[in-house]
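Peer 1: Can you read through this structure? Questions will come right after.
The values are calculated or read from the model by the stated rules, or taken from the named source; none is laboratory data. Given the structure is predicted, the values throughout are model-derived calculations rather than measurements. Cβ placement follows ideal geometry from the backbone for every residue including glycine, while neighbour counts extend to all protein chains displayed.
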């Protein structure tokens, strides 16, 4: 009778140890998954930051290009104006007898 009680106690203890071991394995697996997810999240954060920096650099270059284009348009307008004045001056000289050389 005592042997039967001892056998049941040992079996219960073995089941309890097995359940505890299974819980530890679940905890360890969960911790590994959490670490992996944390690493993946950190990597994604670094990629987003790098892409943000690239975007800011592109925006800056676009602003510089726009400023250069405005400056080029202004320079072109000045050259066109100078050519018109020169042509008008030459036309006026031809109309007035063409004695002066520009």
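Peer 1: Which of the following residues is over 49 Å from the mean Cα position of the chain (by Cα) and either in a helix (DSSP H, G or I) or without any contact (Cβ under 8 Å) to a residue 12 or more places away in the chain (or both): 32, 39, 15? Give the derivation first.
Peer 2: Numbers: 32 fails: over 49 Å from the mean Cα position of the chain (by Cα); 39 fails: over 49 Å from the mean Cα position of the chain (by Cα).
On inspection, the qualifying residue turns out to be 15.
Peer 1: Which condition does residue 77 not pass, out of (1) part of a helix (DSSP H, G or I); (2) at pLDDT below 95, if it passes all the others?
Peer 2: So the condition that residue 77 fails would be (2).
Peer 1: Which count do you get for residues in region 1-12 that are surrounded by 10 or more Cβ atoms within 10 Å (Cβ to Cβ) and more than 60 Å from the chain's Cα centre (by Cα)? Before the answer, list the steps.
Peer 2: Within region 1-12, the subset surrounded by 10 or more Cβ atoms within 10 Å (Cβ to Cβ) is 6-12.
Adding the requirement that they be more than 60 Å from the chain's Cα centre (by Cα) leaves 6-10.
Of the residues in region 1-12, 5 are surrounded by 10 or more Cβ atoms within 10 Å (Cβ to Cβ) and more than 60 Å from the chain's Cα centre (by Cα).
Peer 1: Further question: Condition test on residue 48, is it surrounded by fewer than 10 Cβ atoms within 10 Å (Cβ to Cβ) and assigned to a helix (DSSP H, G or I)?
Peer 2: So residue 48 does not fit the description; no.
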